[in-house]
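Chemist: Below you'll find the structure I mean.
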Amino acid sequence: MLGALQHEDPKTQLAFAQFCLEAPSLAVPEVMTLLARMCHEATWSVLGLATLRYATLLRPAVRGRTLPLLLELVTDEAEELRKNAVQVLVNRLFHIPALREPILAHALGLLNRLLTANQTPAAGGAT
């Protein structure tokens, strides 16, 4: 059933987003996989990100799955998706005290990886 929703029209996708917000459990791996796919599809990306945003804000029980997915999207290959994911995190979620620490920790981890990757070895013995 969930796989079929991916190919439906936007009204069906909006109904899916509402379903995600009202479902008793979003911990089903298939739902999270479908949300990730939605974010990567140009037609559904905005709806996928909005669903993740609202689920993160309104469903604390699923933050352990939705927030990491949003954080992962900030380094996606698709520039538009990266930009939109950053906007969701910075403009919509960062101001929430319970979300600030994991967002900062992720950002610092990315920065440390960049710094480590860009370090050049010391020129030992070169004159």
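Chemist: What FRET efficiency do you get for Asn118 and Tyr54 if R0 is 41 Å and r is their Cβ-Cβ distance, rounded to the nearest 0.05?
Modeler: 0.65
Chemist: Then there's this: Take the Cα of His40, step 7 Å along the line toward its Cβ, and report every residue of segment 81-115 whose backbone nitrogen sits under 14 Å from that point.
Modeler: It comes to 81-82, nothing else.
Bear in mind these aren't lab numbers, they're just calculated from the coordinates by the rules spelled out. Model, not experiment: these values are computed from the prediction. In this analysis, Cβ positions are derived from the backbone assuming ideal geometry, glycine residues included, and neighbour counts consider all displayed protein chains.
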